[in-house]
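Here is the structure we will look at, set down as structure tokens.
Every number in this text was worked out from the coordinates using simple rules, so none of it is lab data. Keep in mind that this is a model prediction, so the values were computed, not measured. Reconstructed Cβ throughout: ideal geometry from the backbone, glycine too, with neighbour counts over all protein chains shown.
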Amino acid sequence: MMLTLLILVPLVAGIVSFLAKENAKAVALIGSLATLGLAAYISTTCGAQPMDWSMQWIPRLGAQLSLHADGMSAMLCLLTGIVMPVVFISNWNKEVENPGSFYGLMLLSQAGITGVFLAHDALLFYFFWELALIPVYFLCSRWGGEKRIQVTFKFFVYTFLGSLMMLAALIYLSLQTPGVNAYSWENIVRAGASLDPVTQQWLFVLIFVAFAIKMPIFPFHTWQPDTYEQSPTAVTVVLSALMVKMGLFGVINWLMPVVPQGVAFWSNTVIILSIIGIVYASLIAIVQTDLKRLVAYSSIAHMGLMSAAAFAQTNVGMHGLMVQMFNHGINITGMWLIVSMIEQRWGTRDMTKLGGMATSAPQMAIALVIISFANIALPLTNGFIGEFMLFNGLFSSASAYRITFMVVAGLGVILGAVYTLNMVQKTAYGNTVEMKMQKDLTANEFAGLAIIIAIILFLGVYPKPLLDMTAGVANMIMP
Amino acid sequence: MTNLVWLVPLFPLVGFLINGIGWRKIPKTAGGVIGSLAILASFAVSLGIFFEVKSSGASTTVHLFNFIESGKLLIPFAFQVDALSSLFLLIITGIGFLIHVYSTSYMHEDEGMVKYFAYLNLFVFSMLLLVLGSNYLIMFIGWEGVGLCSYLLIGFWFKNRDYTNAAKKAFVMNRIGDLGFLVGMLLILFNYGTLSYNEFFGQLNDGQVQLSANMYNWIAICLFIGAMGKSAQIPLYTWLPDAMAGPTPVSALIHAATMVTAGIYMIARSHALYNLAPAALNLVAIIGLATAILAASIAIRQYDIKKVLAYSTVSQLGFMFLALGVGAYTTAVFHVMTHAFFKALLFLGSGSVIHAMGGEQDIRKMGGLNKHMKITGATFLIGCLAIAGIPGFAGFFSKDEILASVYAHSPVMYYLALGAALMTAFYMFRLYFLTFTGSFRGTEEQHHHLHESPAAITIPLIVLAIMSVIGGYVGLPAVISEHHTLNTYLGSVVSNFNVHHLEHNTEWMLMGLSTGLVIVMIIVARVATKTPNFVENTGIAKVLENKWYVDELYDAVIVRPLAALSDALDRFVEKLGIDGIVNGIGRLVRWSSDRVRLLQTGQVGFYIFVMVIGMAVLFALRFFGLNY
């Protein structure tokens, strides 16, 4: 029942927001805080003992409303639960056109994302997958930047294409299972694992593309910088902190156990693509002048390391991946919040036209520096533990090329420092560029960033709670 | 006392938090006092620990909590208290305290003084973690932490683009080294399943896990790459001279006395590994020697007082690595200690000079400062005598010990190292004579402004000058005393490996040779600076003035190609290539839809015609045996 509430609360709050019009942001904040409370409660219990809930949905197809929360889903729900209110709090003073629809769509998307992390039935998973996507499409095309129509169209076609391939694969798999509940996770896994290797390899491609686009993995990534650039910041946060995790979650939950032979066949290829992605995206990030595009490429590089470690198939890498999914979500949220504050104050995201934040808005500059160093995984920030474990996982994989993988992926550590410090230098240091509105952080912005920074430092020093929460599921997936 | 070791890093952390959070409200003086007291408290605890360890010789691990726990991976947050770490504690907090006191005066005119003290305390905290950690991961935390503080302090005056460039360069170059450190750690973890010193070295010594000789070398080299970055060795040294952009006390503390010696600490700590890795040790010796010579040669032709000292530091660090490379681990630690005294002294002295000169750092515009600043001049002279290796001063003992060990290892290396040592004597006294003797060459206004610095500056100078004299007597050469206090003290943790003892006669001869030549070099420096005329350098002197053009080389070979590559990838692969294909597919769909659309003519006759043809084809295919 707790699990259904976790989806229903944002869903209902979303619908209420549509009706509430001008008070929508209050409704959204209350709804998201309530969801956070639920997620926090669930995450304290699910690490040790997974939670299940199910009821009949479409018996003729063999689809159930079936939810399941283990340490990983609970961690991702908690991340979703934290990110949404932080975004709402930081945006509190920002005027949004037609707030009812804006907040309503945000919450619907949250319901969809949460559903993705909880669904234990393939058809339900697909349903939530699209439910998460569609509100984002409207949000971008309605509240986005200048080129929003082209860009959202590209984004939609890209991700929808992937989704359809996944759907085809899931239908194929469900047809392999006789009897009731053909779409249940257990049956899909059983059906997939019993297929011959060649079929598994094909199914891998179909399912993987959907997730690869979402993460994104090189070379399926070009929708992302464009979309991040054009979306309003709140939506960019949802996309980058939460929706990319849907891709990784899908890989772990709906790909690896389903087509193990396919994974075995393709894993080296995926690792190589991921590692190319790390270096490639980092290099491109170096020459970006638009803050949003820079952060977008930085995120692609980080996702590359995560997906490489996922396919390295080691226990420590898997555990590190769980930790890093959470930390990446937190850090990139902080990054986007700052970027949006910069844009609001200076009216531009072009780094060549910025400077001197450390003089004109010192609190903001301090937050920027802390979040930037978390982004490049400085020890005692949350990014470090995850990254160390990911490298460790990549390094101890069974592949013959593991050392090469690790060293090339490690170049990201150096290049990451280059582009991140460039960004800090150009925005925070140097001569002061006049702001349009002369103001350091407002109280609500301060609160939003303070939450992010508190998590960054707490988990950087004492990662045990997060490690404990996800240890069980990591051991189960990759003993 | 040992169980209270967590207090040592805690005080600076608290100091950092107080000054860091309240940096806009706390008055400058209060900020300085808080920062200094925090380090003083650490020093007091460190002193207690030092004497306890000295009397018991015990090596204790103080476990705080489990940092990372995942499957078989267990990394505790724990401190290692033994002879080696407690000696470093004393150096860090002792010199750290003096430099904090010095800074209360030096930075007093700066509006960011409280922030400065926050950073400085954070640095000391990180440095303490580095030496206290009981495993490589905690060392790495401190390792990158000091890198962060170095970055923040080099770029302290962040409005200046050159300064922030220098800060960025320092961080990125250190990161290159850190990648080596990381790979080294992963190799250890993969082969031994632990990063804890005790467990790792224990397994190395009992030989239960036997690796190929190559593997030991690789692990050792990876760690050494980390040391190259942090301790500014070839090829990763160019950040250190640029790091002089930071406030001068920072140069003294971070870029001379403590942080840059982290690499030496790391290798001394890992001596059990390096003993098994002869090729890696050779590499350490060669890199160290090459760095010592290269940096010393550059220092000869520098005109910026801090740049001379910076290259001198790089060169001295080279000497320390040379010592490590020939297996003289404790000798390297000895030189870390004496160098910390005299180099901190020299940097602080240069800060006093720069203050008196109103920010001027060019020694061509100085001269005759002895008349105006007696204490600074006298203590600076002591620093020069110590670094040059005049008998009786601290540097003599440690440098002599290095040279003797090197001679026992390879006479060729000895002569090269001696060459570097003579260059050291020359450039240091060139610096001293140009700055403090002769007549003043600056502007009238500067001349008028010349003054001795206040007590907060001169007292640390005097204390360090005393240490630069007496600090060497803990390690008397074997010809004078068979009892080597420092080696005895460090013996429970680290001792020299394969270092042959020289005949007493040989040792006397080497000592006499180096001392005699050093005195000659000082006289040469005196003659060369007697009537200074600064014409434009030509030939080799110009190459030296331009630091062998290494920065230009890196720029041409690495920095610019990398930028060009990034740019090309962005323009061609990303925008034209991948995005081009994606958009091309989109256009293709649109184009073909445009064509297929033409089939929808709206004429029923045409539709029926197509239908009939289609059915005929299907029947025909069936007829010819195609199953569909």
If you average the C-alpha positions of region B:506-536 and of region A:1-53 separately, how far apart do those two centres end up, in angstrom?
79 Å
As an exercise, use a Förster radius of 22 Å and the Cβ-Cβ distance of A:A443 and A:Q344 to find the FRET efficiency, rounded to the nearest 0.05.
0.90
Taking other Cβ within 10 Å of each residue's Cβ, how do A:S194, B:S453 sort, fewest first?
A:S194, B:S453
Stokes-Einstein D for region A:261-479 at 10 °C, 1.306 mPa s, Kirkwood Rh over Cα pairs, in µm²/s?
89 µm²/s
For B:V493, distant residues with modelled amide H under 5 Å away
none
If packing is taken as the average number of other Cβ atoms within 10 Å across a peptide's residues, how do A:21-29, B:409-417 rank, most packed first?
A:21-29, B:409-417
Rg and Dmax [Cα atoms of chain A; Å; Rg one decimal, Dmax integer]
21.1, 70
Summarise the partner chain shielding of A:281-287 as one whole number: the mean count of Cβ atoms from other chains within 10 Å of each residue's Cβ.
6
When a/c is below 1.5 the answer is rounded, else prolate if a/b is larger than b/c, else oblate, so apply that to region B:29-174 with a ≥ b ≥ c taken from the square roots of the Cα gyration tensor eigenvalues.
oblate
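Based on other C-beta atoms within 10 Å, arrange B:T258, B:T164 from fewest to most.
Least crowded to most crowded, the residues run B:T164, B:T258.
Can you tell me the FRET efficiency between A:T44 and A:E186 if r is taken as the Cβ-Cβ distance and R0 is 22 Å, rounded to the nearest 0.05?
0.25
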Partner lysines whose C-alpha sits under 28 Å from that of A:K147, ignoring same-chain residues fewer than 8 away, are A:K21, A:K25, A:K94, A:K214, A:K245, A:K292, A:K353, A:K426, A:K436, B:K575
Once phi is turned into θ = phi - 60°, what whole-Hz ³J(HN,Hα) does the Karplus curve with 6.51, -1.76 and 1.60 give for every residue of region B:482-499, x standing for Gly and Pro?
6, 8, 9, 4, 5, 4, 4, 4, 6, x, 6, 10, 9, 9, 5, 10, 6, 9
When only C-alpha pairs under 8 Å and at least 6 residues apart count, what is the relative contact order of region A:184-287, in percent?
43 percent
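Out of the DSSP beta bridges found with both residues in chain A, what percent are antiparallel (nearest 5)?
The antiparallel fraction comes to roughly 100 percent.
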Applying the gyration tensor rule to the Cα atoms of the protein assembly as shown (axes a ≥ b ≥ c; rounded if a/c under 1.5, else prolate if a/b exceeds b/c, else oblate), the class is prolate
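Before anything else, pin down the relative contact order of region A:339-471: Cα pairs under 8 Å, at least 6 apart, normalised by residue count, whole percent. Can you show the working numbers first?
Values: 134 pairs, mean separation 56.8, N = 133.
Dividing the mean separation by the residue count of region A:339-471 yields 43 percent.
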The size of the Cβ-based charge dipole (Lys, Arg +1; Asp, Glu -1) of region A:261-479 about the Cα centre, to the nearest 20 debye, is 200 debye
What is the packing order of peptides A:333-339, B:588-594, taking the mean over residues of other C-beta atoms within 10 Å and listing the highest first?
A:333-339, B:588-594
Determine which lysines satisfy two conditions relative to B:K374: a Cα distance under 22 Å, and not lying fewer than 8 residues away in the same chain.
B:K306, B:K343, B:K365, B:K530
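Evaluate the relative contact order of region B:231-331 (contact order divided by residue number), counting alpha-carbon pairs under 8 angstrom at least 6 apart; express in whole percent.
Once normalised by length, the contact order is 36 percent.
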Taking N as the number of residues in region B:555-623, the ratio of its alpha carbon radius of gyration to 2.2 N^0.38 Å works out to 2.27
Shielding by partners for A:459-466, please: the mean number of other protein chain Cβ atoms within 10 Å of each residue's Cβ.
2
Across bins of 5 angstrom width beginning at 0, how are the C-alpha pair distances of region B:278-531 distributed, in whole percent?
1, 7, 14, 18, 19, 15, 11, 7, 5, 2, 1, 0
Give the peptides A:443-454, B:605-616, B:130-141 in descending order of average Cβ contacts within 10 Å, highest first.
B:130-141, A:443-454, B:605-616
Rounded, prolate or oblate: which fits region B:265-385 when a ≥ b ≥ c are the square roots of the eigenvalues of the alpha-carbon gyration tensor, with rounded for a/c under 1.5 and prolate only if a/b beats b/c?
prolate
Rounded to a whole number, the mean other protein chain Cβ count within 10 angstrom for residues of A:386-393 is 4
Excluding residues fewer than 8 places away in the same chain, name every one of the aspartates and glutamates whose C-alpha is closer than 15 Å to that of B:K72.
A:D468, B:E199
